[in-house]
Structure formats: structure tokens, C-alpha cells
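Below is one structure, written out as C-alpha cells, with a few remarks after it.
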Amino acid sequence: MKINEINCKTALSASRLPGLDYALNPYRGCRHNCVYCYAPSVLNEKRSWGGFVDVKRNLPNILAKELKKKEKGRIGIGTVTDAYQPAEKKYGITRRCLEILLKHDFPVCVQTKSSLILRDVDILKKFSEKEVGLTITTIDDEARKKYEPSSSSVEERLNALRILGENSIRTWVFIGPVMPFITEKNIDKLIENIAKAGVKNIIVDRLNMKPGVWEKIKVFLSKHYPELIPNYENVLFTKNDYFERIENKIKMICKEYDIKCEKAF
Ligand code: SF4
């Protein structure tokens, strides 16, 4: 893993994601190295994903200057790469940005796969408007280790959701992407545990076949689930209703737990 400390020219960028006005990404590259990640195609990044992280070490200073001029709006933190990936433990760029954002009390929305977010509960809880989404795509931590290798365990994420909720921070879960034939295994147990963690909103997303993703998925399947390759090819490259069926199933289970479920696709 190559860590590069870099200087950036801008901090906030306009966001096209629903409900967000700005995006803030303290790191480029991501140690979590999820097999389905399409950030390289979003960023047009040619370096090997998972093998480098650029740390934007001057980001807090640039952010402080920008906030003096920006109109108040909701800021998505970690919209492209995870702001709580392992490098954050050492560099604390995300935490410093939160401290600056709190001075202006901009609404913040963080999405992560890391329980490191709990380190910053003390700051997050002071915002007037704050929410945190944890991505969880399976209840099976052995499967999680295979396709999201450097992220927090499922149990750690569920625990993070519980603690965030106890601190009056609104939480949600992103079941995305749905990994065909993996996410659906014990999906009722996953949702039951999400409900127990006090979560009231779930967003479901399908597996997006952006450039380069299928090649990585195929290598992953060949190694761990070779029997699933024909099924994936069928789901991903032929006309079928697989993702709709899974979404409907998740919605039905959510109803039992009084959880609002929306789809991202
Ligand atoms: S956490 Fe997000 S940005 Fe990082 S590798 Fe996984 S999908 Fe990509």
C-alpha cells in the first residue's frame, strides 16, 4: 500500500447525489479495496485500486477558507472514497474537517464501512443536522472478508450503528451493492440485526457494471465462488428481474421491522 501525502486545490465540490449539495473526499484511493468498487471509473483513475491512497493533507485549511464564502448546504463526506479508511486513523483529516464544519454548523452526511467513525461521535453529535450511513451487504462476515477485505467486520458496523443512534445521530444502512446469491443468504437475519441497532432507513442498490468491475468480480468469483460465475453472467448480462425480486424481498422484511426501504436504482 503506497501512501502519498498530497496538496489539493479545492475542498468542496458540487454534488449530484440526491439530498447533497457538496461532496468532501479527504482521500483519493481506498484501502478497503472492495471487489465491486467503481470509484476508479468515476475518478478515471488508472493506478491499481487498493494499492495506493492519496492523503489530502492541506484539505482542512482549504476547507476553512472555502466555508467563509460558501452558501450553507448539506455536505456528503466520503462520497467517492471512504473517509474513515485505515489512513484516517493516522492522519485524522476527516476529523479535522469535521471540527471546521462544526464551527459553521453545515449539515453533514457521512457514508462509510468503518467503525472508526465512532472516534468522532463527540464532534458529530454537536451538529444540528447530522446523519451516518453504514454500508452492509451481507450478514456473513466470512463472505465480507472476501470481497471487502480491509473494511470493518459486520459486527463492528452493527455496533457502530447502535452507538451512533444512542448519541442521537440519525443512521441508515446502505445494502449496496446487492451481491447476487451472497447478499440474499440470511437477508432476514441481516435486517433483524439492523433493526436491533435502531436503524429506521435502508437504501438498496444493485451491482453496477461500470468499466473494470466485471473483470475484478470474475477474479473474485473464480477464487471463492466459481460455481456462481454462470449465475452472475445471467443476472448481469441478460434481461431478468433478479435485482427487483431481491429489492421486493428486502422491502417485505423491512415492513416487519417498521423500517423504511428505498431503492437507489
Ligand atoms: S469503501 Fe467505497 S471507495 Fe473504498 S473500495 Fe469500497 S466501494 Fe470503493
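The values are calculated or read from the model by the stated rules, or taken from the named source; none is laboratory data. All figures in this text were calculated on a predicted structure; none of them were measured in a lab. Please note: Cβ atoms are built from the backbone with ideal geometry, for glycine as well, and neighbour counts cover all protein chains shown. Note: accessible area is taken over every heavy atom of the protein model, side chains too, but ligands, DNA and RNA are not part of it. Shrake-Rupley method; radii C 1.70, N 1.55, O 1.52, S 1.80 Å.
A few notes on this one:
- Scanning region 237-257 for residues that are within 24 Å of the chain's Cα centre (by Cα) and either hydroxyl-bearing (Ser, Thr, Tyr) or under 18 Å from CYS34 (Cα atoms) (or both) gives TYR242, TYR257.
- Filtered by the rule that a residue be aliphatic (A, V, I, L, M), outside any strand (DSSP E or B) and within 16 Å of the ligand (Cβ to nearest atom), region 110-128 gives LEU116, ILE117.
- Residue in region 139-170 that is nearest to VAL35 (Cα to Cα), counting only those that are open to solvent by less than 10 Å² (accessible area, probe 1.4 Å) and away from the ligand (no atom under 14 Å from the Cβ): ALA143
- Search result, residues across region 104-138 that are closer than 30 Å to SER222 by Cβ and open to solvent by 40 Å² or more (accessible area, probe 1.4 Å): GLN111
- Test: residue in region 18-35 that is more than 25 Å from ALA264 (Cβ to Cβ) and open to solvent by less than 20 Å² (accessible area, probe 1.4 Å): no
- Segments classed as helices (runs of 4 or more DSSP H), wholly inside region 1-109, with at least 2 members that are over 23 Å from GLY212 (Cβ atoms) and either over 14 Å from the mean Cα position of the chain (by Cα) or within 16 Å of the ligand (Cβ to nearest atom) (or both): 59-67, 87-91, 93-104
- Of residues in region 230-265 being of a type in the set (A, V, I, L, M) and without any contact (Cβ under 8 Å) to a residue 60 or more places away in the chain, the one most open to solvent (accessible area, probe 1.4 Å): MET252
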